[in-house]
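The values are calculated or read from the model by the stated rules, or taken from the named source; none is laboratory data. Since we're looking at a predicted model, the values are computed, not measured. Reconstructed Cβ throughout: ideal geometry from the backbone, glycine too, with neighbour counts over all protein chains shown. Ligands, DNA and RNA are stripped out before the accessible areas are found, and what is left, the full protein with its side chains, is counted by its heavy atoms. Shrake-Rupley method; radii C 1.70, N 1.55, O 1.52, S 1.80 Å.
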Amino acid sequence: MEVLDAVFLDRDGTINVKAPEGSYITRPSQLRLLTGAANAIRALNDAGVLVLVVTNQRGVASRQMSLADVEDVHQELSSRLRRVGARVDGFYVCPHADLSCGCRKPAPGLLFQASHDRPGLRLDRSVMIGDSEIDVEAAAAAGARAIRLGPEATKTRATWLYPDLASAVRALIGSPDERPEAQPPGIPPLANGTEFRKG
Ligand SMILES: [Zn+2]
């Protein structure tokens, strides 16, 4: 059975509805979870997979919000998840401006930070899920595989393409209701970082 150490989740557009281009989720009241996202996270929790959010929040650098605002939004996200028995195991935020750091995706810094914080977490046994190609690039740069979320025929270098978090997680670990205990996660072996099956 192939081991899955962690699933890295992009936040805006993956877990919750994105703010309009150029603006940010600056307050808890603006947070709207996408359909099926909370249950998908719970399924990962139940499968024993670490769930780590990795998110660019440039609005901090541009002073449209503070790090405390980002923290408030994450508290709210955690409390909504708690209502369905789900949790995020760690939040990793890049608050910086473009090209000023090594952690703003597509740079892999947040993923490296997470693996540094958690000895035993192997990035080559982890998957990044996000709705943007910069998530895919960050995963590739970190040596992790990627699932791109997007409509059919989206151009991507990701390992897999699924329409939303719920279907991506089902493909990764199976639905807890349908999955017999012995069935391995549906991850094919890593083929030297080149061509992958698109789901
Ligand atoms: Zn950064």
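Once you place label points 7 Å from the Cα toward the Cβ at ARG157 and ASP124, how far apart are they in nm? Modelled inter-label distance: 1.9 nm. Here's how it looks for ASN16: its modeled amide H is under 5 Å from those of LEU34, which are all 5 or more places away or on a different chain. Share of carbon and sulfur in the accessible area of the chain stands at 51%, probe radius 1.4 Å.
Here the label points at ARG63 and ASP117, each 7 Å from Cα along the C-beta direction, are separated by 2.8 nm in the simple model.
ARG27 contributes an accessible area of around 130 Å² to the protein surface, as traced by a 1.4 Å probe with all chains present.
The residue among THR14, THR159, GLY59 whose Cα reaches farthest toward the positive pole of the charge dipole of the chain, with charges on the beta-carbon of Lys, Arg, Asp and Glu, is GLY59.
Charging the Cβ of each Asp and Glu at -1 and of each Lys and Arg at +1, and nothing else, the dipole of the chain about its Cα centre rounds to 140 debye. Any idea of the accessible area per residue across the chain, 1.4 Å probe, to the nearest Å²? Heavy-atom SASA per residue in the chain reads 49 Å².
DSSP beta bridges fully contained in segment 6-173 are about 5 percent antiparallel. Length gained on full extension, SER78 to ARG32: 15.3 nm, using 0.36 nm per residue less the C-alpha separation. Charge tally around ARG82: other residues with Cβ under 12 Å, Lys/Arg +1 each, Asp/Glu -1 each, net +3. Within the assembled protein chains, the solvent-accessible surface assigned to HIS96 is about 70 Å², based on a 1.4 Å probe. Residue ranking by accessible heavy-atom surface, 1.4 Å probe, largest first, among LYS155, LYS18 comes out as LYS155, LYS18.
PHE112 exposes around 100 Å² of accessible area when a 1.4 Å probe is run over every protein chain in place.
The longest part of the chain holding none of the exposed loop GluC sites (Glu not before Pro), meaning those outside H, G, I, E and B in DSSP with at most 14 other Cβ atoms within 10 Å, is 22-151. Since only LEU111, GLY85, HIS74 are under comparison, the one whose Cα sits farthest along the positive direction of the charge dipole of segment 6-173, derived from C-beta charges on Lys, Arg, Asp and Glu, is GLY85.
Cysteines in the chain that lack a partner Cβ within the 4.7 Å cut-off: CYS101.
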